[in-house]
1. Please name all residue pairs, on different chains or six or more residues apart, with Cβ atoms under 6 Å, provided the first residue is in the range 62-89 and is touching a residue at least 40 places away in the same chain (Cβ under 8 Å) and under 30 Å from Tyr329 (Cα atoms) and the second residue is more than 11 Å from the ligand (Cβ to nearest atom) and of a type in the set (Gly, Ala, Ser).
2. Hey, among the residues in the range 208-222 that are surrounded by 20 or more Cβ atoms within 10 Å (Cβ to Cβ) and not small (Gly, Ala, Ser), which one's farthest from the chain's Cα centre (by Cα)?
3. Those residues that are in contact (Cβ under 8 Å) with a residue 60 or more places away in the chain and surrounded by fewer than 18 Cβ atoms within 10 Å (Cβ to Cβ), I need them from the range 291-311; list them, please.
4. Test Ile100 against the criterion of being of a type outside the set (Ser, Thr, Tyr), within 28 Å of Ile187 (Cα to Cα) and outside any strand (DSSP E or B), and give yes or no.
5. Scan the range 201-222 and give yes if some residue there is touching a His at 6+ places or on another chain (Cβ under 8 Å) and of a type in the set (A, V, I, L, M, F, W, C), otherwise no.
6. Quick one: Asn288 ticks every box in (1) of a type in the set (S, T, N, Q); (2) part of a helix (DSSP H, G or I); (3) crowded, with 18+ Cβ neighbours inside 10 Å except a single one, so which number is it?
7. What do you reckon, is Glu181 assigned to a loop (DSSP other than H, G, I, E, B) and at pLDDT 95 or above?
8. Which helices (runs of 4 or more DSSP H) does the range 1-82 wholly contain that include 1 or more residues that are among the β-branched types (Val, Ile, Thr) and modelled with pLDDT under 95?
Amino acid sequence: MSLESQNSGNLKTRELIKSTFIDMDIKNGFVATVGNTPLIRLNSFSEETGCEILGKAEFLNPGGSVKDRAALYIIEDAEKKGLLKPGGTVVEGTAGNTGIGLAHICNAKGYKCLIIIPETQSQEKIDTLKTLGAEVRLVPAVPYKNPDNYVKVSGRVAAEMDNAIWANQFENLANRNAHYETTGAEIWTQTDGKIDGWVAATGTGGTYAGVSMYLKDQNSHVRCVVADPMGSGLYSYIKTGEIKPEGKSITEGIGNSRITGNMEGAPIDDAIQIDDRECVRVIYQLLNKEGLFMGGSVGINVGAAVALAKQMGAGHTIVTVLCDGGGRYQSRLYNPEWLASKGLAI
Ligand code: PMP
């Protein structure tokens, strides 16, 4: 390309960016800034597969993750039902991102926030929660069947407090409604209905279920696939009907060994399992070739999108989620010594 045509191309891009900025409306505070995230074409992955691999840029939410949407819907649902009153406290058991979303919204709306988090979660997420003013209680990471599991502790703590609600993100359907009404609808509009596959890992299942239900309501042929890390029981459940977790994963906030309220009734066409080695490979391709600094669950999601693209063949459009940014995992995923200690040296 000649320098002249390159310059005129750059000029056109700048004009476009300028007009986009000028058109952007003013958002009314944190709450109105949640959602309406861009859909990013992942160029290197798209070129490798011959498919359009698109990532919903949830790391661009104001609290930094896909969970801002669920946090907002859960709080506003409780307000509408009269359960959350001025000065009240929002209590939740969370791997971090829901807590961060809740803490931001509590500050913006004048509520208190109390978070119960397993002590295995990244220090970055714990520090962020504290900085946001949430009361943070660390608990040992024990399986769900144990009464001291963080989710169960959070339910008990909320029940014992006055003027407090339990967000209960795993069972509270306000979570998946957020994704039905916003994430799913946005993806459908952004792709102009030209979407062949949707794939995402699940924590509560809110994102996967809400988006799948919306997309299937528009077009029952959209293939909806659960991405699953090792150590989670969902892959075996979907493939064989038996919840049988195998192996383990360094990813946080995803995988499950039970069917949550939010996953009940969600359309599932198939499941794809991605191991940590592939997850880390994808994370570093995102960093080095796409310029995207992403959290671990994104490695599972994009790894599964690539696997789905290979299954479906060239020419298809596949959408997944870029759940959060890499800064939350700097001391782990982006620390070569930590990776090596997990047998995942890059
Ligand atoms: N990725 C990350 C980093 C998360 O924190 C979560 C939520 N725990 C998810 C993915 C999964 O989202 P959902 O709860 O909607 O299934």
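1. Arg69/Gly35; Tyr73/Ala174; Ile74/Ala167; Ile74/Ala174; Thr89/Ala164
2. The first filter runs over the range 208-222 and keeps only residues surrounded by 20 or more Cβ atoms within 10 Å (Cβ to Cβ), leaving 208-212, 214-215, 222.
Next, from what is left, pick out any that are not small (Gly, Ala, Ser): 208, 211, 214-215, 222.
Numbers: Tyr208: 9, Val211: 12, Tyr214: 17, Leu215: 17, Val222: 20 Å.
Selected residue: Val222.
3. Taking the range 291-311 and keeping what is in contact (Cβ under 8 Å) with a residue 60 or more places away in the chain, we get 292, 294-295, 297-298, 300-306, 308-310.
Correct list: Lys310 only.
4. Details: of a type outside the set (Ser, Thr, Tyr): yes; within 28 Å of Ile187 (Cα to Cα): yes; outside any strand (DSSP E or B): yes.
The answer is yes for Ile100.
5. yes
6. The number of the failed condition is (3).
7. Here the answer is no, as Glu181 does not meet what is asked.
8. Numbers: elements: 3-23, 29-33, 43-49, 67-80.
Where helices (runs of 4 or more DSSP H) fall fully within the range 1-82 and carry at least 1 residues being among the β-branched types (Val, Ile, Thr) and modelled with pLDDT under 95, they are 3-23.
The values are calculated or read from the model by the stated rules, or taken from the named source; none is laboratory data. Bear in mind the structure is a predicted one, so any value in this text is a computation, not a measurement. All Cβ positions, even for glycine, are placed from backbone atoms using ideal geometry, and neighbour counts span all protein chains on display.
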